Amino acid sequence: IASTQPCDVEVLNCEYGKNTIKFLRLHREGKKHFVKEVEVCTHLRLTSAHEYLDGNNSLVIPTDTIKNIVLVLAKKNGIPTLEQFAIDICKHFMTTFCQVAYVKTYVQEVPWQRLHENGAPHIHSFICVPDGIRFCEAEQCRNGPLVVFAGIKDLKLMKTTQSGFEGFYKDEYTTLPERNDRILCGELFCKWSYGECKDFDFDCIWNKIRECILEAFSGPPDCGEYSPSYQKTVNSIQMLVLSKVSQVIETVLNNTFYNVVDMKNLGLTNDKEVSKCSKHNLAWTL
């Protein structure tokens, strides 16, 4: 059996890095405190692959050093926005280490919100509210532009009516009944690109896109809006977002399905009050 020689193999990618750097950044303005708890993953690709091919580590920046750099940047620069922090990390590695050919960093935030008591904001207490996780990515090749992405994930949404699924293709394998009144529930992932890094108001755009998602999913507060399918709901979200901003590139809505429990054998009429939950491994990407 012929053995493969190193000269016969082309190395396409040998990135490495540090995952799950978790920390809390506390900022004080007098007695009032502000917090950002984040998880950071930073990967590098070097200008050579000597450490991979030859075991020569002379150009390797240890992952422990990567972690320490992230923590020091958080201390020195703070985290004004997730996107700006990711930009700071990329710029540091590109300007400090000539052996770095590519850097990519991912940052996601723990959704802490300031606690309110009787309508008054507390100066130093917070509550974790799982209403969607904010994240961003930044990446740069040497001599190339710094590109920024942002998004929201794990945003769980539900409406208990104004949704159905009818008129779909049927054959001998179809068992799903048509429904014109069902619970629509899903977990949303949305990611968009800012392209080459420019002077964006990252907080404003993220909040605006989140508001568009909620509005398009639910419809007017007094009557809602009918959804004929998950696909059409995803499209409605995309169209509303694109009417406000032009960065959206991907939206995924994972289906959580609710089946109304048949209680006839129990002597009860169940008018959709009780439903069993079953998560489907389905997603729609547009």
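Throughout, read-outs are computed from the coordinates displayed, never taken from laboratory work. Bear in mind the structure is a predicted one, so any value in this text is a computation, not a measurement. FYI the Cβ positions are ideal-geometry reconstructions off the backbone, even for glycines, and counts take in every protein chain you see.
Of the residues ALA120, ALA86, ALA101, the one that moves most in a GNM of the chain with alpha-carbon contacts below 10 Å is ALA120.
Remark: spin-label model distance LEU115-CYS223 equals 4.3 nm, labels positioned 7 Å along the Cα→Cβ axis.
Inverting the mean 1/r over all pairs of different Cα atoms, compute the Kirkwood radius of segment 185-269 and quote it in Å.
Working: mean 1/r = 0.0664 Å⁻¹.
Kirkwood hydrodynamic radius for segment 185-269: 15.1 Å.
Taking a ≥ b ≥ c as the square roots of the eigenvalues of the alpha carbon gyration tensor, segment 108-218 is oblate, as a/c is not under 1.5 and a/b does not beat b/c.
Please return the longest stretch of the chain lacking exposed loop sites, where trypsin sites (Lys or Arg not before Pro) count only if DSSP places them in a loop and at most 16 other Cβ atoms lie within 10 Å.
Result, exposed sites excluded: 32-141.
Across the alpha-carbon atoms of segment 10-144, the computed radius of gyration and Dmax are 17.9, 65 angstrom. Values of log10 I(q)/I(0) for segment 75-131 across q = 0.22 Å⁻¹ run -0.91, by the Debye formula with one identical scatterer at each alpha carbon and no solvent.
Using only helices, what value at 222 nm comes out for the chain when you add -39,500 (n - 2.57) per DSSP H run of length 4 or more and divide by the total residues, to the nearest 500 deg cm²/dmol? It lands at -7500 deg cm²/dmol. Across CYS190, CYS128, CYS90, mean-square fluctuation computed from a Gaussian network of the chain (C-alpha pairs under 10 Å connected) peaks at CYS128.
Let me know the longest stretch in the chain that avoids all chymotrypsin sites (Phe, Trp or Tyr not before Pro) found in a DSSP loop with at most 10 other C-beta atoms within 10 Å. Longest gap between qualifying sites, sites excluded: 1-167.
Kindly give the semi-axes, whole Å and largest first, of the ellipsoid equivalent to the chain, taking each as the square root of 5 times a Cα gyration tensor eigenvalue.
Gyration-tensor ellipsoid for the chain: 43, 28, 18 Å.
Considering only beta bridges that DSSP places wholly inside segment 161-286, some 95 percent are antiparallel.
Across segment 148-171, the residues whose backbone nitrogen lies under 13 Å from the label position 7 Å along the beta-carbon direction of CYS277 are 156-159.
Taking a point 7 Å out from the Cα of ILE123 in the direction of its Cβ, the residues of segment 19-50 whose backbone N falls within less than 20 Å of it are 26-36. Return the FRET efficiency for the residue pair GLU250, GLU166: r is the Cβ-Cβ distance, R0 is 35 Å, and the value is rounded to the nearest 0.05. That gives a FRET efficiency of 0.80. Counted residue by residue at 0.36 nm each, then reduced by the alpha carbon distance between them, the extension gain from LYS208 to LYS156 reaches 17.0 nm. The GluC sites (Glu not before Pro) of segment 160-199 that meet both conditions, a loop assignment by DSSP and at most 15 other Cβ atoms within 10 Å of the site Cβ, are GLU166, GLU172, GLU178.
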